[in-house]
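The values are calculated or read from the model by the stated rules, or taken from the named source; none is laboratory data. As the structure is a computational prediction, the values presented were derived from the model and not from experiment. With ideal geometry, Cβ positions are generated from the backbone for all residues, glycine too; neighbour counts draw on all protein chains shown.
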Amino acid sequence: MTGEPEPGYLLHRRDYRETSFIVEFLTQSGHVRLIARGARRGRNPIAGILQPFSPLALTWRGSSELPTLTLCEPRGNPIGLTGKIMYSGFYLNEITSRLAYRHEIGPDLYPAYENALAGLAAATDIERSLRIYEKRLLAAAGLALLLEQARTGASVEPERAYGYSVDSGPVPAGIDADAPTVSGRTLLALQREEFDDATTRHEAKLLMRHVLRCHIGTKPLASRALFASIRRLP
């Protein structure tokens, strides 16, 4: 890239060779994977800056598959995610990174990510923030959910039971044995991004887990396993 630094957030980093990191960011232009050369050297301050949930200003250069990070500066205070809520933030980062490995993530996701972090920080409705982000993540990857019309072409009916095919959308319950059964009311609520009762919330969570598993693979999510281990502590 050239020009002004671009806003972004760190999604993931891992060691690369002896002194560098491979880093992934979600930026206003989409998902990028870069190399941070020399970032692990003892006197390089960038390791302390490369932290999740911190707004960053970024530049990079190179047209190869792995361009070089040339600037990484704080752009504001870190988003205050603490305790168990922090693991929900790690979950957002992990599913974004996993989906970006298989599908190109466009610029539409950046505001959804900032909204999700704000929702988590406010801690007023964590489940709603997660479901909305999952839905918008899929849309940004070109995998938007079909929620208002069944495969037959008929409109989804609130009182009917449905399964969900990632290829064709809502189908009659039981056709896909791997898909959870959800009500038409849940599908329409997800379309509106409104979750007014416990049943809708539970079914929406099961549906999104199923769809994401189909797109990112069955490898267990590290963030979910970590959260489960923390919950087991006395």
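Before moving on, here are some points about what is shown:
- Members of segment 126-144 that are out of contact with any Asp or Glu (no Cβ under 8 Å at 6 or more places or on another chain), surrounded by 20 or more Cβ atoms within 10 Å (Cβ to Cβ) and farther than 15 Å from ILE216 by Cα: SER129, LEU130, TYR133
- Only one of the listed residues (PRO107, PRO111, PRO78) is touching a Phe, Trp or Tyr at 6+ places or on another chain (Cβ under 6 Å) and either modelled with pLDDT of 95 or more or assigned to a loop (DSSP other than H, G, I, E, B) (or both). That residue is PRO78.
- Any hit, segment 157-177, residues being touching a Ser or Thr at 6+ places or on another chain (Cβ under 8 Å), assigned to a helix (DSSP H, G or I), at pLDDT 90 or above and of a type in the set (Ser, Thr, Tyr): no
- Residue match in segment 100-113 (condition: in contact with a Gly (Cβ under 6 Å, 6 or more places away or on another chain), β-branched (Val, Ile, Thr) and buried (at least 20 other Cβ atoms within 10 Å of the Cβ)): yes
- Residues that are under 28 Å from LEU26 (Cβ atoms), surrounded by 14 or more Cβ atoms within 10 Å (Cβ to Cβ) and outside the structural domain of PRO55 (by TED's automatic domain parsing) do not occur anywhere in segment 151-163.
- Filter result for ALA189 (surrounded by 16 or more Cβ atoms within 10 Å (Cβ to Cβ), small (Gly, Ala, Ser) and either in a helix (DSSP H, G or I) or at pLDDT 95 or above (or both)): yes
- When LEU206 is tested against (1) under 15 Å from LEU130 (Cβ atoms); (2) in contact with a strand residue (DSSP E or B) (Cβ under 8 Å, 6 or more places away or on another chain); (3) buried (at least 19 other Cβ atoms within 10 Å of the Cβ), only condition (3) is not met.
Residues are listed down the side, and each one gets a yes or a no for (1) assigned by TED's automatic domain parsing to the domain that holds TYR113; (2) surrounded by fewer than 15 Cβ atoms within 10 Å (Cβ to Cβ); (3) of a type in the set (Val, Ile, Thr):
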{"site": "ARG40", "(1), (2), (3)": "no, no, no"}
{"site": "ARG43", "(1), (2), (3)": "no, yes, no"}
{"site": "ILE46", "(1), (2), (3)": "no, no, yes"}
{"site": "LEU50", "(1), (2), (3)": "no, no, no"}
{"site": "PHE53", "(1), (2), (3)": "no, no, no"}
{"site": "TRP60", "(1), (2), (3)": "no, no, no"}
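- Lone unmet requirement of (1) within 29 Å of PRO111 (Cβ to Cβ); (2) touching a residue at least 12 places away in the same chain (Cβ under 8 Å) for ASP196: (2)
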